[in-house]
Each structure stands twice: as structure tokens, then as C-alpha cells.
1. Sequence gap at least 6, Cα distance under 8 Å: using those rules, report the relative contact order of chain B to the nearest whole percent.
2. Which distance in Å, rounded to a whole number, links the C-alpha centroids of the stretch A:279-320 and the stretch A:355-394?
3. If the only charges are +1 at each Lys and Arg Cβ and -1 at each Asp and Glu Cβ, what is the size of the charge dipole of the protein assembly as shown around the Cα centre, to the nearest 20 debye?
4. What distance in nm separates the two pseudo spin-label positions at A:Glu24 and A:Asp228, each 7 Å out from Cα along the beta-carbon direction?
5. Assuming R0 = 22 Å, what is the FRET efficiency of A:Glu428 and A:Thr408, from their Cβ-Cβ distance, to the nearest 0.05?
6. Through the Karplus equation 6.51 cos²θ - 1.76 cosθ + 1.60, θ set to phi - 60°, convert the phi angles of the stretch A:154-164 into ³J(HN,Hα) values in whole Hz; use x for Gly and Pro.
7. Is the stretch B:4-90 best put as rounded, prolate or oblate by its Cα gyration tensor, with a ≥ b ≥ c the root eigenvalues, rounded for a/c under 1.5, and otherwise prolate when a/b is larger than b/c, oblate when not?
8. Determine the share of the protein assembly as shown's accessible area contributed by carbon and sulfur atoms, expressed in whole percent, with a 1.4 angstrom probe.
Number of protein chains: 2
Amino acid sequence: MINQSIIKALKNIVGPEHLLSEKEDMYTYSYDAAVLTPRMPSAAVMPASTEELGRIVSLCHENCIPITVRGSGTNLSGGTIPETSGIVLLTGLLNKIIEINEQDMYAVVQPGVVTATLAAAVEQKGLFYPPDPGSQLVSTLGGNVAENAGGLRGLKYGVTKDYVMGLHFFDARGNYVKTGSRTVKCATGYNLTGLMTGSEGTLGILDEIILKLIPAPIARQSMVAVYDTIEQASETVAGIIAARIIPATLEILDNFTIRAVEDYSRVGLPIDAAALLLIEVDGHPVVVKEDGEKVEALCRKMGAKEIKVAETEKERDKIWAARRSALSALAKLKPTLVLEDATVPRSKIPDMVLALQQIASEFNIDIGTFGHAGDGNLHPTILTDRRNTEEFKRVEEAIEAIFDKALTLGGTLSGEHGTGLAKAPFLEKEAGFSSVLFSRQLRRALDPQNILNPGKITGLSEEDSI
Amino acid sequence: MINQSIIKALKNIVGPEHLLSEKEDMYTYSYDAAVLTPRMPSAAVMPASTEELGRIVSLCHENCIPITVRGSGTNLSGGTIPETSGIVLLTGLLNKIIEINEQDMYAVVQPGVVTATLAAAVEQKGLFYPPDPGSQLVSTLGGNVAENAGGLRGLKYGVTKDYVMGLHFFDARGNYVKTGSRTVKCATGYNLTGLMTGSEGTLGILDEIILKLIPAPIARQSMVAVYDTIEQASETVAGIIAARIIPATLEILDNFTIRAVEDYSRVGLPIDAAALLLIEVDGHPVVVKEDGEKVEALCRKMGAKEIKVAETEKERDKIWAARRSALSALAKLKPTLVLEDATVPRSKIPDMVLALQQIASEFNIDIGTFGHAGDGNLHPTILTDRRNTEEFKRVEEAIEAIFDKALTLGGTLSGEHGTGLAKAPFLEKEAGFSSVLFSRQLRRALDPQNILNPGKITGLSEEDSI
């Protein structure tokens, strides 16, 4: 616990109305969307300016107080679970879009801007900010950068790191560091922008983010392909990529997920289907038409029994609203939902889908599978009840089996949810000890007191003491 | 100088035929394409395997010997100029393309593979590796990754860092570190892949590189637009981007460069033109036709007096061969050529072009300007004679004036040539002291003996002693 003089100093910086330290408030900031033990922080502060942000970081540096930054708390790997001896830094008031530069196609934002807010603002100018994590309606861009968030369009448009041109941040010592540029090309200094993106608040506290924008695609077409077996659906995914077509979005839902979504949202999904592919192609109208036809033909060839093409924007929106409700729909079924994101090279999607079925059966648990099949990033979703310790033990074993399978197939533990606390113990399994050691050396040099989001990514080593 | 027992140990590792230490050989490795004072290394070694590479790094770590990795030595910022007390590590024998995965669209290569060799190999499979630095016919992929090399296609396709999916490297302690993945999405651990890309051999010695490939564009069209004033040409550049057309390539040549190229290659360039734009659009044939027509109309509207569209592949190749000969053509004119790459947001290209003319006139020097106008990355090329100390002093002042102007316009010191030795003293001017400090802290933690390419990027601080 931090003492009252620190609380007072924090209040002096942000004003009493932007400092919370009551127990009931601390509950709110003790957990995120990962299934992990909550930890109550000592206080939560809401800076309203760069100056306040800097003063908070300096105060924490001087007093060795851990800082966990929190946007909207949608993190799925425990990246926003704080230290009990530390503070939560809320970015809600740092929510200004500072600039949208149409000529040079970039935006400058504060970390608390909501992803969908920026997307809508640039769309009005005919521009496009593609990264669209599932939580985009509430997630913040600061959180997206810290986690290198992905989304449904990763396949064609890449992920957050592909759009971060530059950053301004406070390092652990309270120094204000600038990296990157407003230019398309920048080879000056280290690529600290790349390092910071996905560093989960462990190397610095973001203050300003420069994001690349691109021209908006002129046309788009969405369709749903219905399958009797999930193998046919997953083989279609590999087939589309093999045909060198790169859809904007290429999502899969298994029967378990289809039924959950239909039960939740009543949009008319075929609840008997073993699997659905939800596909969108975009770009020039001629290309959209050609690619759409090719994709349709491929789906049929691979065994789709029905293909519905969205004829209106309303029909299109219905498809994607259904997809985006998958997580909420599944979450309603059981008290605990564990959403994984082990990712494989996309040609290995059929093997991974098969393996997930075997793992569900072997450990006798419910796994709903949906996700970004087109970029190999499935979301096997385990439904359980954490209070059922016997079952939860099987769930934990199943998660490790999923990790192992992904690595065997040449994949990775996390495609887009980050390492956080949840996957920190498994990092060595994927990257090897030398990589963990290298990461810890780097981190310790930049945050010798270990005050920036301790324990995330590299776990806690013996040398790390707060 | 390193002692004979080290030479002997190196010989034991690579075999006597792959170790050079004679003075005449050392001359070859004492300089690169930057205009800086040469420094002769103590030895040059050519490892032929991962195992030999690892043993060399360990030996250097144990004996505190500086290592400078050298691909083809085309570096333009002094990144391959070695320490006299150190060795040059040549990657020429590490030149295997380990894998081209067509299904998942990636390649795995050793660092010594020549850029154009990989590009040709993947082209045969209908795939595309876009980064095309000017030196692509000789430059190595290891060098490209170390420097985050750009090229003519940066505008539409990005630069090297946009294609590096994963890396294996030896760190300064000789540990073998793996980072990244063969998957499109990877959020496991720190983005060390991003950090290593562009780190100029100062954080690790590359052993294996995983590169993203994309489907090859089906069609392309090239054209040359001829202008009576360079202002019209540079305003066309801004106009094309403002029209939300993203050509694959959008290059400018000023009159000085046009005359030099024509004199050198006799391809029939209009030597009276004040400026040329060389443009290529690519993609779906319908899009290429539409974009081609739009670009042509825009060029005319902005004042182009003539536009030649390449009707055959041969005509197309002639255009790009002319562009690619610019550096060689200019280099013939005077004993010393200084190629800069200060970069500005692309809308600022007209201002930068104007500023370059003013700087040439103010310092009474010859500046030929050509380069990647479409991404704001011009190559002002100063022709001089280094032995003329009075003139060279003016050249150095002009370079600093170019840097200052680029920064004033919201740009960066280097778009693609890296920081190296040449720009290390100016890093603080762009990024600020905190950024330099952060970079030095990071570097010192990862290379406490300062043996990995000392002095590059962050310069030498008092704490750095070899």
C-alpha cells in the first residue's frame, strides 16, 4: 500500500476529483478480461494533460511506486491487472484527436482515444485506420499500441504495429522520449517505435501516438458460406490463400459458436451448420467483383452447401454484428470464459481446427472456436466455471495442450492478445531462454526499479523486486 | 590490434582460407559508401555456418573484440566502417535461401543472400518481395534488415521493417536469440524483431531472417512526365497523393541529374527538362489502367509538357535502369559524392525541393536532386572533392542546413540510409537528449562491453569504452 502522503501528492497533481482510492473503486480496477486472480491497486489516477502525466511518472519514479496503465480494461492476457502496492493510471481524460493530416495521411492522438472514434473520424475524410480489435467500440488506441492489437482485418491490412509511425512517451525515469516521425520512411536512431509497440506498458507510458492512415477502399462485399463439416471450411481458408486472394476479412465460426450467437442475437444463422465462413473482400469495384466471384466459386468447390452474399449495407452490417457478438454470446453460457489466441501459419488452420476438437474431447471440456482464420489466428474459447476446481484444472491442461500444438505447427502462443501475466510463464517455451534473458536485460536497463507494469511479458525474475 | 593468438583462434573456427588479416585486404574493408575516414580492421572472417558464426561471437565476447558485420559494404552512413581493434564479419558465405513457403507466403534466408536474388527466386513462384534499395543487385538481406533499407517502392509497399516477421541472432554475449514467428500475427514477448530491424549490427549478429512475401501484382505501367520547372514536378507529387492514388513508385530527377544520367547511359532523356517524374502504378489491370490515366491527367494539369508511357516491358526497364543509374552517373562527375536522404512529410516535397536549390546557391556547391519523391524521401546529392578542404567545409555546412530544413518541415534526418557514424552526432537534434539516453541505456544493457559495431547510431558516450 502506498502511504497517505503519496495519495496527497497525486491529488495535488490531478485534483481530488481525478484520484480514486476507496476500496469499492479499487475493485473496478483489479481485473481485466483475462481469467486471473484480481489484485486491488492502491489508487487510480486520471491525468488530464501531458504535464500531469509526467508529474505522476516522476512521483512514482522517486517513490518506487508501480504503475499499471489502463485504457478500457479489455485486455485478455492480464496486462492491466495492477500491483497492490501500485497505482492504476487511467487514460480516459487523455482522449483528444490532436490532428488528422489528410495530405500526409496520418493522425496524432492521445492514448485514451477510443479506437472506433478515430476510425469514424478518419472515415469522414475518406481515410481508413484498419486495425479493428474485437473491442474497438471501447478499446483505446493507447491500449492497442501497448498490446499491438490485431483484429478482423489483420490478414490484408496488418495489425497495430503496421500503423504506428511514431510515439512520445515518458520512460521509467520520467524522461520524455520521442521516437519515429511523421514521414513514411524513418531510419533515424533505433526503431524504438517498434520496440514500444506491444511492450504492454513495461517500457514507458505513452503520451502521444502518430498513426498511419491509408485511402479508404472504394467498394466491399461480404458473404457467408455454410458448411456441413468444419474441415471443409478450414480447407477453404487455406484454398483462398493458396489462390493468392487476400480478403479483407476471413472469419470462421464453429457450430458451438453459431448456436451461441444465434441464441444471443437472433440474426438467422443456420444453427445446423458445422461451420460458417464470413468473408469480406474490398478495394476497387472491379477487383471486389472478381475476387468475390472467385471466393464464391472456391467455397462451393470446397463443399459449401450455401453461400449468402450481402446485397445491402444493412445485410453486411448484420453479418459482422453477428461475428462481433460471438464473445458476448459465448460468455453468457457459463460463468467463466477463457479466450485463447494461439496462432499458426495459415496453411495449418485445418490441422489446428482438428487438434482443437481432439483437445476438447480429450480434456472433456467445451471449446467454441471462432476467429481470424485467414491469418491463422483462431480464438478457441473455453467455457467453464472457475469455481469448479477439478474442471478448471482440466481447462488449464487443455490450454497448455493448445499452446503446444500451435508451437508444433510452427505457430505462436499469442497472435494478438499479448503475453501479459497469462502467457508470461510460457514465453520461454516459444522463444527460448536466451530470448527471455535478452528481454529481461533490456527491460531492467530501461526500468531498473521495475515500476512499469511489473510481471507482464517476461514474468518476475529473482532480480526483479519492487 | 588483436593479437596473433586471436587470429589463430579465428582461423581454427573458419579455416585459414576464410580469415584475412593482410594489410592490403584490410583496405578493402576499411570504408563503405559514406564519405568518412576509412579505418582498417585487424582481421576479416567469413563464417560458413551458424555454428562458426556463434563461435566467432563467443570468442569476441570473451576477448572483448569489436565486431562489425559487413554484407556488400553499400552502406551510406558509415555503418560498416570497422574499429581498428576489431574484426569485420563477412556474411558472403551465409548466402542460402533456406525456405520459400508459397502456402504461407514467407521466406527464410541467411543474412548474406543478395536482395535481388531473393526477389528473383520468389518472383518465379508468383510471389513478391517489394523492398528494393538502390543497391539491390549487390546489397544483402542481412544488411537491409540491419539498416531497415528502403527503396523505390516504399510509397506503396513500405520498407524492410514491414517485411521482417522474425529473426534469429547471436547477442553480444554469444547467446542465440529467437524472436518473431512464421505467422502473420505474433504478439508473444517483446517486438524484438522490430527493435533489431534498423539496429545496424549494434544489438546482435543476424543468423536467420524470416521475411513476409505477398502476391505479385498482375499488371504495371510506367511513365515519364517532363517538366519545365521543378516546382511543377514536385507539386504534381503532392497532387497525386492528395488524389489518394498510391503509385508503386514515384521518383523525381532534377535537371542536374537528368544530364548526368543521359551523359552516362544515353537512354534519350530530355536534357533540357527542368525535372522528370518517373512513375509506376501496379495492381489489377483495370486499376492500373484507371490509375495510369488519372496520373497522366494530373501530370498534364500540373504542367507536364510531355508524358511518355512505356508501351513494352523493354521501354519500362529502360526507364528504371535510367533511374537506377543516377547515383553512378553523378558519382562520375566529381571525386567525392555525398548522398543524403533527409526526408519530409510528402506534402512538403515542394518546400524541400525549393530549399535544396537555395542551399546549393547559398553554399555555392553542386547538388543533384533525385529520389523517392512519393514518400518524401529525396536524395540531395552533393558533388565535391574531399581534398578541397575549403569547399568540403561548405559541403558540411550545407548538409547541416539540409538536416535543419528537413526537421523544420516535420521530417527526419534519414529516410532509409540509417544513422551509422555519419548521422550519430545529429541524432539528438532530431530525437532529443532523452531519446538518445534511452537508446544508450538499452544498448549498454544488451552489449555491456560495447563490442557490437561501436559508435554507430548513438555515437560514443563517455561510458562507452572498448
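1. Contact order relative to length: 15 percent.
2. 29 Å
3. For this selection, approximately 140 debye.
4. 5.9 nm
5. E between A:Glu428 and A:Thr408, to the nearest 0.05, is 0.85.
6. x, 3, 8, 10, x, 10, 3, 4, 6, 10, 8
7. Prolate is the answer for the stretch B:4-90, as a/c is 1.5 or above and a/b outweighs b/c.
8. 50 percent
The values are calculated or read from the model by the stated rules, or taken from the named source; none is laboratory data. These numbers were taken from a predicted model, which means no experiment stands behind them. Note: ideal-geometry Cβ built from the backbone for every residue, glycine included; neighbour counts use all protein chains shown. These area figures cover heavy atoms from the full protein model, side chains too; ligands, DNA and RNA do not enter into them. Shrake-Rupley method; radii C 1.70, N 1.55, O 1.52, S 1.80 Å.
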